[in-house]
Amino acid sequence: MTNPTPSFPVTPGPADETLSWLLDKFVEKTTGVTGALLVSRDGLKTAVSGLDTDQADKAAAWVSSLHSLARSAGSIIGSTPGGFRQGIVENDGFLMFVTSADHAAAGQAGAGSRLVGSVLGVLAQPGANPDTIGFEMGLLVKSVADHLRTATRGGR
């Protein structure tokens, strides 16, 4: 018996590919959530749920960029490096949550380890409860922390 084709496209990446089913469960159980993706900090997709290929590619770039901007913005006020945890973008048509998974894998991804952390991006309906979504995102990130590291490209 062959494995069924997933209903969403997944671009294979260096992370554990079984994470996509966890994102599927997250999207199913979290009220108001319409899609989720896990990307490396440099924008490499590692797991996707609820988004087609084009949407996932655009979302991966956007999530990675927003994460980078938020991390660097912390330097303006003297925040410690890596202090960014979560950002929320509110639009008339959607909510977008971006959560750094670096803190969950803290101490596991170091400068000499050739590993970088991951970022979780979640799309939700405009009326969704941000507290609930943020809480569920935190639980998800903590539950899979060991899998939220991605090897650097070319060992850089």
- line: Restricted to region 66-87 and to residues being open to solvent by less than 70 Å² (accessible area, probe 1.4 Å) and modelled with pLDDT of 80 or more, the residue farthest from Val98 (Cα to Cα) is Ser68
- line: Flagged in region 1-50 as open to solvent by 70 Å² or more (accessible area, probe 1.4 Å), of a type in the set (Asp, Glu) and either modelled with pLDDT of 90 or more or touching a Leu at 6+ places or on another chain (Cβ under 7 Å) (or both), in numbering order, are Glu28
message: With the requirement that a residue be at pLDDT below 70 and exposed (fewer than 15 other Cβ atoms within 10 Å of the Cβ), what does region 134-151 give you?
response: Asp146
- prompt: When you look at Val63, is it buried (at least 16 other Cβ atoms within 10 Å of the Cβ) and under 11 Å from Gly121 (Cα atoms), yes or no?
  reply: yes
- prompt: If you go through region 67-75 one residue at a time, do you hit one that is closer than 12 Å to Leu120 by Cα and touching a Leu at 6+ places or on another chain (Cβ under 7 Å)?
  reply: no
message: Exactly one of these conditions fails for Val63: (1) out of contact with any Lys or Arg (no Cβ under 7 Å at 6 or more places or on another chain); (2) at pLDDT below 85. Give me its number.
response: (2)
task: Kindly establish whether Gly121 is outside any helix (DSSP H, G or I) and either open to solvent by 30 Å² or more (accessible area, probe 1.4 Å) or at pLDDT below 60 (or both).
output: no
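The values are calculated or read from the model by the stated rules, or taken from the named source; none is laboratory data. As the structure is a computational prediction, the values presented were derived from the model and not from experiment. Counting neighbours? That spans all protein chains shown, and the Cβs are built from the backbone with ideal geometry, glycine included. In case anyone asks, the SASA skips ligands and DNA or RNA and just uses the protein heavy atoms, side chains included. Shrake-Rupley method; radii C 1.70, N 1.55, O 1.52, S 1.80 Å.
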